[in-house]
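Participant: So that we are looking at the same thing, I have put the structure below in structure tokens.
The values are calculated or read from the model by the stated rules, or taken from the named source; none is laboratory data. Note that this is a predicted model, so its numbers are computed, not measured. Because the Cβ atoms are built from the backbone with ideal geometry, glycine has one as well, and the counts that use them run over all protein chains shown. Side chains included, ligands, DNA and RNA excluded: accessible areas come from the protein's heavy atoms. Shrake-Rupley method; radii C 1.70, N 1.55, O 1.52, S 1.80 Å.
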Amino acid sequence: MSLPTSRLPSAPSVSAALNTLELDYGEFSIHALPSTFSNFSHRVDIELRDGSTRKIVLRRYNPDKYADGHDKQRCEFHALKLLHKQGIPVPKPLLLDETGELLGLPGIVTAFVEGAPIALPAEAHRWAALAAPTARMLARIHQTPFSEADRRFLMDDNVEVAWFIKDGDIPDYMLADRDGELIWRLVKQRWGKWAPVEPRFAHTDYWAGNILWQDGQISAVVDWEEAGYGHPAADVAYCRMGYFIEGIPEAAETFLRAYEAEAGWKLTDLALFELAACARPMIAPEDWFAHPYMEAGFRRFIEQARERL
């Protein structure tokens, strides 16, 4: 669900950002981009005084939706710097406003990247056909180097992807789901007991809506406000779940084979991370399951993960 498009950044805020970027500009216009309850994203079209044009993106973060101790603006900006240096197709980070002094809310400014996500469920067949390049891109992301110092900007995915067991009590939304109690118990019993694996850079929300395509190629992977590090199976599990929900489980297998071939390793404990991924749709099933076949695919995903656990 998107935030109201009326939450435009003010003209003075945009001017402040452009001045900080030292752009010699004349007119500019502001256009809403797809957002979520955690952020407000807008494209700014700029007419430069030399007659050329430029587009940038302002991403400002909703302070009511911050996780404790997690500054989304610092996380995303730092992640984009690491990924851009590595040659991963992401928007180039241009400016960090940690406090909101420039933008009105804490946020970042990036370059605009042309491209569009695959529209689901209408283009599920296309999403299935592109499973292999999507997987190979994730393997490249997971090979992004990061230091101990970088970790302070990133989320610890080995903790965050199982947020629902943190408090020790099963959440109401999992109790309300017919498979929720079993999944909660299985994950709680086994979490952290996986085979040793090198922590990898992670997206944490890798799915069709966060991948832009142009001319059949990935032009950018976007939405890095929850970038983290941890077991690589977490990203793979989440993306595979999406294929099952869209009714294309064969694409999930193509995705896994292509990922492991590109990464050069075989994932361990994937079934456990797949069960952990299943908690997300349980929070708001009405947003995830627009059609009965989607929930049926979700139940098949749970069943196959349980069989392999």
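Participant: How many nm separate the modelled label positions at Trp194 and Glu101, each set 7 Å beyond the Cα in the direction of the Cβ?
Facilitator: Here the answer is 4.1 nm between the modelled labels.
Participant: Under a Cβ-Cβ cut-off of 11 Å, what is the net charge of the residues other than His231 that fall near it, where Lys and Arg count +1 and Asp and Glu count -1?
Facilitator: Working: positive: Arg200; negative: Asp156, Asp157, Glu198, Asp235, Asp269.
Local net charge: -4.
Participant: Taking the Cβ of Lys188 as the centre, find all other residues whose Cβ is under 13 Å away and add up their charges (Lys, Arg: +1; Asp, Glu: -1).
Facilitator: Numbers: positive: Lys166, Arg185, Arg190, Lys193; negative: Asp167, Asp169, Glu181.
With Lys, Arg at +1 and Asp, Glu at -1, the net is +1.
Participant: Further, regarding this structure: Order of 106-117, 201-212 by packing, highest average Cβ count within 10 Å first? Spell out each step's value before the answer.
Facilitator: Working: 106-117: 19.2, 201-212: 21.8.
Final packing ranking: 201-212, 106-117.
Participant: Something else: Could you please report the charge total around Trp213, scoring K, R as +1 and D, E as -1 over all other residues with beta-carbon less than 13 angstrom from its beta-carbon? Show your work: numbers first, answer last.
Facilitator: Working: positive: Arg126; negative: Glu114, Glu123, Asp215.
Taking every Cβ under 13 Å from that of Trp213, the sum is -2.
Participant: Whole number in Å², please: accessible area per residue of the chain, 1.4 Å probe, ligands, DNA and RNA not counted.
Facilitator: Working: 14350 Å² over 309 residues.
Ligands and nucleic acids excluded, the figure is 46 Å² per residue.
Participant: Quick check: pseudo-label points 7 Å beyond the Cα along Cα→Cβ at Leu175 and Lys266, how many nm apart are they?
Facilitator: The answer from the label model is 4.2 nm.
Participant: With +1 on each Lys and Arg Cβ and -1 on each Asp and Glu Cβ, and nothing else charged, work out how big the dipole of the chain is about its Cα centre, in Debye to the nearest 20.
Facilitator: On the way: 33 positive and 45 negative charges, 108 e Å.
Computed about the Cα centre, the dipole is about 520 debye.
Participant: Quick check: Cα centre of the range 106-172 to Cα centre of the range 202-281, how many Å?
Facilitator: Value for the Cα centre distance between the two parts: 7 Å.
Participant: Set Lys and Arg Cβ to +1 and Asp and Glu Cβ to -1, take the dipole of the chain about its Cα centre, and tell me which of Thr99, Thr20, Ala227 lies farthest positive.
Facilitator: The residue sitting farthest along the positive end of the dipole is Ala227.
Participant: Whole-Hz ³J(HN,Hα) for each residue in the range 80-97, computed from phi via Karplus 6.51 cos²θ - 1.76 cosθ + 1.60 with θ = phi - 60°, x for glycine and proline: what do you get?
Facilitator: 4, 4, 5, 5, 4, 4, 7, x, 6, x, 9, x, 5, x, 10, 7, 10, 10
Participant: Cut-off 12 Å, label point 7 angstrom out along Cα-to-Cβ of Arg43: give me the residues of the range 95-116 whose amide nitrogen falls inside.
Facilitator: 112-116
Participant: Between Ala132 and Asn210, what is 0.36 nm times their sequence separation minus the Cα-Cα distance? Round to one decimal in nm. Write out the running numbers ahead of the final one.
Facilitator: Values: separation 78, 0.36 × 78 = 28.08 nm, distance 1.61 nm.
Stretched out fully, the Ala132 to Asn210 stretch lengthens by 26.5 nm.
Participant: Rounded to a whole number, what % of the accessible area of the chain do carbon and sulfur atoms account for, probe 1.4 Å?
Facilitator: Its accessible area is 49 percent carbon and sulfur atoms.
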